Amino acid sequence: MTGSPPGSVMLGIYEKALVSAPTWEEFFPQVREGGFGFVDLSIDETPERSARLEWDAEQRSEVARAARNAGVLIGGLCLSVHRSVMPGSADPEMRERARQVLEAGIRLAHDLGVGVLQLAGYYAHYEPPDPGARERYIETMLSGIPLAAQLGVVLAIENVDGHDIASIGDAMSVVREADSPWFQVYPDVGNIAEHGGDATQELRDGEGHMVAIHVKDVLPGQPRRIPFGEGVADFDAAFDELARQRWSGRVMLEMWNDDAPDSIETCIRAREFITEKARRAGLLITHH
């Protein structure tokens with residue numbers, strides 16, 4: 001990589017860090033107000049957010065238009081509804097529903113102009129441990145590759161809390177099995193720390209396959225709602241390794257501010273914290 005430019009990152013924010021709004025036209029400007037270039041939206045287990053998979057064409061156009069009018073990029077969709085609609089379930093009907101959710105997520109991402117669909121690394125979250133769950137999970141997830149390739153949406157698996165896809169190495173084993181440019185990894189630096197992993201080694205494990213990065217702070221056994229700088233996530237090591245790789249891409253701050261009235265101020269403080277860490281490592285911050 002001699003002579004190649006240093007890595008550059010654009011910082012974004014998670015939808016759940018911002019305040020809910022009656023309309024998307026009111027929601028998206030918060031992203032710019034917080035100083036972020038993009039936002040990742042959530043398709044989670046709640047009825048409200050999982051119903052987004054069933055938006056009609058006009059609703060999809062409305063969301064895309066509202067983001068565009070606010071000058072905001074929708075960076076990714078987080079398809080965490082697979083926690084409850086389980087891709088590795090022992091129940092064939094559940095697996096079929098999980099496959100349909102995956103296909104619907106790919107189509108929604110395409111219609112919103114979103115290039116990355118993040119897949120949660122849970123095999124069968126609410127079922128008892130089962131040695132066959134991993135194989136079934138992989139079969140379900142890899143079934144989405146043909147449609148993703150045709151529509152131009154990258155599927156990217158996240159290392160999660162819990163005991164399934166717990167490390168970037170675990171995610172990379174699935175990526176290698178997929179053997180497709182349309183199936184990659186979306187590392188979560190906080191989850192590395194929550195599992196007691198080494199940020200340098202794990203990010204090295206994902207080298208060449210990391211399409212975006214999540215950052216959040218954590219404590220052992222507490223993977224959510226820890227303010228940046230008050231947990232054990234090793235951001236210095238993470239950004240040093242990304243700089244060594246000359247990695248460029250989107251870095252999303254994953255936060256849950258629970259509609260607090262000072263949510264934007266909290267996000268700004270977190271952005272300033274991460275900006276300092278990234279710049280100290282030699283990464284450029286862009287605002288495209």
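Where a number appears in this text, it was derived from the coordinates with a stated rule and is not lab data. Quantities reported herein were computed from a predicted structural model and do not represent experimental measurements. With ideal geometry, Cβ positions are generated from the backbone for all residues, glycine too; neighbour counts draw on all protein chains shown.
Just so you know, in the stretch 168-202 the residues that are touching a residue at least 12 places away in the same chain (Cβ under 8 Å), among the acidic types (Asp, Glu) and under 20 Å from Val154 (Cα atoms) include one that is surrounded by the fewest Cβ atoms within 10 Å (Cβ to Cβ), and it is Glu177. Within the stretch 259-288, being part of a loop (DSSP other than H, G, I, E, B) and without any contact (Cβ under 8 Å) to a residue 12 or more places away in the chain holds for one residue alone: Asp262.
Restricting attention to the stretch 144-194, the residues that are aromatic (Phe, Trp, Tyr) and either under 13 Å from the mean Cα position of the chain (by Cα) or farther than 15 Å from Leu102 by Cα (or both) add up to 1. The residues of the stretch 91-138 include none that are under 21 Å from Met210 (Cα atoms) and without any contact (Cβ under 8 Å) to a residue 12 or more places away in the chain.
Of all residues in the stretch 1-19, none are without any contact (Cβ under 8 Å) to a residue 12 or more places away in the chain, surrounded by fewer than 22 Cβ atoms within 10 Å (Cβ to Cβ), within 30 Å of Met141 (Cβ to Cβ) and not polar (S, T, N, Q).
For the stretch 60-82, a residue qualifies if it is of a type in the set (Val, Ile, Thr) and either under 30 Å from Tyr126 (Cβ atoms) or outside any loop (DSSP other than H, G, I, E, B) (or both), and the qualifying residues are Val63, Ile74, Val81.
Tell me which residues, restricted to the stretch 87-124, are in contact with a His (Cβ under 8 Å, 6 or more places away or on another chain) and either assigned to a loop (DSSP other than H, G, I, E, B) or among the hydroxyl-bearing types (Ser, Thr, Tyr) (or both).
If the condition is that a residue be in contact with a His (Cβ under 8 Å, 6 or more places away or on another chain) and either assigned to a loop (DSSP other than H, G, I, E, B) or among the hydroxyl-bearing types (Ser, Thr, Tyr) (or both), then Tyr122 is the only one that fits.
The combined condition, being under 30 Å from Glu230 (Cβ atoms) and either in contact with a Pro (Cβ under 7 Å, 6 or more places away or on another chain) or of a type in the set (Ser, Thr, Tyr) (or both), is not fulfilled by Glu158.
With respect to Arg250, is the statement that it is touching a Gly at 6+ places or on another chain (Cβ under 6 Å) and farther than 17 Å from Gly37 by Cβ true? Criteria not met by Arg250.
If you go through the stretch 146-167 and pick out every residue that is surrounded by 18 or more Cβ atoms within 10 Å (Cβ to Cβ) and part of a helix (DSSP H, G or I), you end up with 1.
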